[in-house]
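Nothing in this text is a laboratory measurement; each read-out follows from the coordinates by a stated rule. This is a predicted model, so every value here is computed, not measured. Every residue, glycine as well, gets a Cβ built from its backbone with ideal geometry; the counts of neighbours run over all protein chains shown.
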Amino acid sequence: MEEKETLSNEESLALITEMISRAKSDYVETGISALLWGTITTFCAVLTFANYWWQQNWINYIWFLSLFAVIPQILISIRESKIRKLKAYSDDAIGGVWISFGICIFLLSFWLSVAPNPGWGNTNSLYLILYGIPTFTSGYARRFKPMIFGGIACWIFSIASIYMLYPYSMLLLAAGAQLAWFIPGLILRKKYLTAKQQNV
Amino acid sequence: MFKELDPILHSQLRLAVMSLLISVKEADFIFIREKTNATAGNLSVQIQKLKDAGYIEVIKEFKENYPNTTCRITKPGIKAFEEYVKALQEYLKVNIKK
């Protein structure tokens with residue numbers, strides 16, 4: 001592109017439109033991560049299905065494969081970030097969703113393996129896992145630390161509530177709600193009112 | 001009374017760079033060069049002008065032992081771009097009425 005100092009208004013607008021569409025058209029995903037997890041999960045699920053008849057003890061541990069897949073996933077993520085030529089605004093939000101998903105899968109597996117018996121205390125643990133998802137994702141997408149910490153606090157409380165009996169686990173639910181929403185809400189409200197006052 | 005078009009933005013290559021950066025969070029130098037079809041030298045000069053105006057942020061770092069330049073639009077850059085587009089629309093509205 002040769003530098004042209006005199007642009008007509010129509011040319012300027014056409015250039016802006018063209019460049020915005022060029023930037024959008026360049027955004028591609030390699031798809032390697034999706035292929036990796038799609039393959040491993042299908043393999044484990046089909047093998048577990050077949051094991052209903054095979055009755056092989058070792059197949060019960062096949063899902064540990066997904067833990068090992070975390071290593072290539074980390075390497076793929078590092079490599080993709082190195083070759084990536086641009087970062088879109090949606091990348092942070094999408095990243096937050098997948099981090100939440102990874103943590104929740106871990107917490108759910110942990111809950112299933114250690115929860116002694118279903119009851120109020122343990123159900124609160126599941127609610128706390130759910131509380132953490134939108135809180136952490138919103139905080140991560142907007143780079144708002146109080147919500148990131150609030151989401152993480154909910155997940156920590158979800159582990160703690162497994163070992164707590166009803167009604168005491170309700171106190172963890174209350175603490176989770178305070179850290180995830182009430183305190184960040186107060187901070188946001190204060191910021192909003194300050195901004196509103198400045199604009200008057 | 002028409003608002004005067006920002007001279008920093010009212011040039012082909014600088015406007016192209018700003019239009020690319022407004023649609024992404026950040027982009028590296030090679031990406032911008034490929035999309036604008038500009039020469040590396042000319043692009044460097046125009047990027048420096050945008051940086052001096054405070055419209056973009058330029059981050060220089062090493063990626064796998066090679067120097068890498070990443071550009072990101074700043075808040076004043078977004079504001080200037082929005083005002084530029086608004087001013088353009090005003091001009092075009094008048095042209096259509098004529």
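For chain B, a Gaussian network of Cα nodes joined below 10 Å ranks B:F62, B:F81, B:F31 by mean-square fluctuation, and the top entry is B:F62. Take every Cα pair under 8 Å whose residues are at least 6 apart in sequence, average their separation, divide by the length of region A:74-200, and the relative contact order is 25 percent. Between helix B:75-97 and chain B there is an angle of about 30 degrees, using the helix long axis and the longest principal axis of the Cα atoms. Considering only A:P184, A:P146, A:P72, the Gaussian network model of chain A with Cα springs below 10 Å gives its largest mean-square fluctuation to A:P72. Projecting the Cα positions of A:Q73, A:Q197, B:V45 onto the charge dipole of the protein assembly as shown (unit charges on Cβ atoms of Lys, Arg, Asp and Glu, taken about the Cα centre) puts A:Q197 furthest along the positive direction. What is the Cα centroid distance between region B:26-98 and region A:31-89, reported in whole angstrom? Centre-to-centre distance over Cα atoms comes out at 40 Å.
How tilted is helix A:32-54 with respect to the longest principal axis of chain A? Cα atoms for both, answer in degrees (0 to 90, nearest 10). Between helix and principal axis, roughly 20 degrees.
Only helices enter this figure: runs of n ≥ 4 DSSP H residues, each worth -39500 (n - 2.57), summed and divided by the residues of chain B, yield -18500 deg cm²/dmol at 222 nm to the nearest 500. In this rough spin-label picture, where each label sits 7 Å from Cα along the Cβ direction, the A:F110-B:L5 distance is 5.8 nm. Partner shielding of A:77-87 amounts to 4, given as the average count of beta-carbon atoms from other chains within 10 Å of each residue beta-carbon. Could you point to the residue in A:N57, A:A115, A:A141 farthest towards the positive end of region A:32-166's charge dipole, with +1 and -1 charges on the Cβ of Lys/Arg and Asp/Glu respectively? Farthest towards the positive pole: A:A141. At full extension, A:I187 and A:S21 could sit 56.0 nm farther apart than now, given 0.36 nm per residue minus the alpha carbon distance. For chain A, the 222 nm mean residue ellipticity estimated from helices alone, with every DSSP H stretch of n ≥ 4 adding -39500 (n - 2.57) and the total spread over all residues, rounds to -25000 deg cm²/dmol. The GNM of chain A, with springs linking C-alpha atoms under 10 angstrom apart, assigns the highest mean-square fluctuation among A:I148, A:I59, A:I94 to A:I59. Between the helical axis of A:70-83 and the longest alpha-carbon principal axis of chain A there is an angle of about 0 degrees. Take each residue in A:88-95, count the other chain C-beta atoms within 10 Å of its C-beta, and the mean is 2.
Oblate is the label for chain A, because a/c, from the alpha-carbon gyration tensor with a ≥ b ≥ c as root eigenvalues, is 1.5 or above and a/b does not exceed b/c.
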